[in-house]
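K.L.:
After the structure tokens below, expect a handful of questions from me.
Every number in this text was worked out from the coordinates using simple rules, so none of it is lab data. Just so it is clear, the structure is predicted and the values come from calculations on it, not from any experiment. No Cβ is skipped: glycine too gets one built from the backbone with ideal geometry, and neighbour counts run over all protein chains shown.
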Ligand code: ADP
Ligand code: MG
């Protein structure tokens, strides 16, 4: 109760920062210097390169301070991270629309956080863990009369075009976002995507649906949206509830100038930058309780419109790389995340 009230006062998005470790393949590269607050909410970054001025005196390296709802150090395990989102997953079963995003430059750990290494249980990411929790909880709730239908879909948005990652892979299949008629119940429009394959999640298909995430070898140039639609009905009380859980691995947030793009690459980058900045604008418009929320300015926010704002809860992971050479992009990511928080 109290927690919900605090959430309402704050707006409906929380931001978690996760710093990935240096990889063994990066042994000979410089890391930034990090320090983490006791409360697991503060992050201080210093450049590790000491600036020596012309006359030989050392200047203190620049220092950047940030605060988030939670900061995960490079030592945090997938389990540590999941523990902090488990309650949000539960909300989807309770009938909320939930979005969990991973934002950050390419190589910062977004896919590791969302999908992880599915072959190795301890490094499984949030998607397989969330599926497991949803499935197990739905079984527990059976005793109380609840029957849940759990359907998974997995879409990718590339250059403002939707592809179905669980579908046949036929490039000619067109997918459109449509709003269903709300009918006379007065409830919100439901967002539908045409021609999308859904997989009913049972104990047998669960592993298959998880495995499908592993086939997603797309570049970092697309957004992927893993969605669980959870429809529950209680045959003892007649209660019904419907929630949606969206787990979104966003396209790399690196800026245009760095990628020296031309042609197709340039178009990709422009689309990515446009949709990421639009996502930020939508989140801020919701937080400011503005009249007009620009959902329709990009496919991503149009697709997620029912899961952002209203009866919904959102969380954004800002994933950052510890590498010194990534510092400028890291600061851009952290500033973006501070803005939406
Ligand atoms: P992104 O999806 O943001 O481009 P990845 O998730 O692919 O980045 O991560 C880049 C590399 O770092 C991968 O090799 C991944 O396995 C590794 N990595 C990322 N986060 C972690 C982590 N927390 N622990 C161990 N390795 C990680
Ligand atoms: Mg990735």
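K.L.:
Can you give the direction-averaged projected area of the convex hull of the alpha-carbon atoms in the chain, in nm²?
P.N.:
Orientation-averaged projected area of the Cα hull: 20.7 nm².
K.L.:
If you don't mind, there's one more thing I want to ask. Angle between the Cα long axis of helix 203-214 and the longest principal axis of the chain, 0 to 90 degrees, nearest 10?
P.N.:
Tilt of helix 203-214: around 30 degrees.
K.L.:
How high is the FRET efficiency between residue 136 and residue 60 when r is their beta carbon distance and R₀ equals 35 Å, given to the nearest 0.05?
P.N.:
Given R0 = 35 Å and the Cβ-Cβ separation, E is 0.10.
K.L.:
Quick one: compute the contact order of region 265-307, relative version, from alpha carbon pairs under 8 angstrom and 6+ residues apart, as a percent.
P.N.:
37 percent
K.L.:
I would also like to ask the following. Quick one: compute the contact order of the chain, relative version, from alpha carbon pairs under 8 angstrom and 6+ residues apart, as a percent.
P.N.:
Averaging sequence separation for qualifying contacts and normalising by length gives 27 percent for the chain.
K.L.:
Distance in nm between label sites at residue 121 and residue 338, each 7 Å beyond Cα in the beta-carbon direction?
P.N.:
4.2 nm
K.L.:
Right, something else. Which residues does a label at residue 190 reach in region 297-341, if reach means a backbone N under 18 Å from a point 7 Å past the Cα toward the Cβ?
P.N.:
Backbone N within reach: 303-308, 311-312.
K.L.:
Ranked by Cβ crowding within 10 angstrom, fewest neighbours first, how are 175, 223, 292, 235 ordered? Walk me through the numbers on the way to the answer.
P.N.:
Values: 175 18, 223 25, 292 6, 235 9.
By the 10 Å Cβ count, ascending: 292, 235, 175, 223.
K.L.:
Counting other beta carbons within 10 Å of each residue's own, what order do 118, 123 fall into, fewest first?
P.N.:
If I rank by nearby Cβ atoms, fewest first, I get 123, 118.
K.L.:
Can I ask one more? Where the centre of each part is set by its Cα atoms, how far does region 230-304 sit from region 71-148, in angstrom?
P.N.:
19 Å
K.L.:
Same structure again: Can you compute the FRET efficiency between residue 23 and residue 239 using 1/(1 + (r/R0)^6), with r the Cβ-Cβ distance and R0 = 41 Å? Round to the nearest 0.05.
P.N.:
0.25
K.L.:
Counting helices only, and only those DSSP H runs with n ≥ 4, report the 222 nm mean residue ellipticity of the chain as the sum of -39,500 (n - 2.57) divided by its residues, in deg cm²/dmol to the nearest 500.
P.N.:
The per-residue figure over the chain is -9500 deg cm²/dmol.
K.L.:
What percent does the relative contact order of region 39-120 come to when contacts are Cα pairs within less than 8 Å and at least six residues apart?
P.N.:
Result for region 39-120 is 21 percent.
K.L.:
Once label points are set 7 Å from the Cα along Cα→Cβ at both residue 48 and residue 197, what is their separation, rounded to one decimal in nm?
P.N.:
With each label placed 7 Å out from Cα toward Cβ, I get 4.5 nm.
K.L.:
Using a 10 Å cut-off around each Cβ, can you sort 222, 168 from fewest to most neighbouring Cβ atoms? Numbers along the way, then the final one.
P.N.:
Values: 222 24, 168 10.
Sorted ascending by nearby Cβ count, the order is 168, 222.
K.L.:
I would also like to ask the following. For the chain, give the share of DSSP beta bridges that are antiparallel, in percent and rounded to the nearest 5; count only bridges with both residues there.
P.N.:
Taking every DSSP beta bridge with both residues in the chain, the antiparallel ones total about 65 percent.
K.L.:
At R0 = 30 Å, how high is the FRET efficiency between residue 86 and residue 262 if r is their beta carbon distance? Nearest 0.05 is fine. Spell out each step's value before the answer.
P.N.:
Values: r = 45 Å, r/R0 = 1.49.
Rounded to the nearest 0.05, the efficiency is 0.10.
K.L.:
In a GNM of the chain with a 10 Å cut-off on Cα contacts, which of 143, 325, 115 has the highest mean-square fluctuation?
P.N.:
Among 143, 325, 115, the largest GNM mean-square fluctuation belongs to 143.
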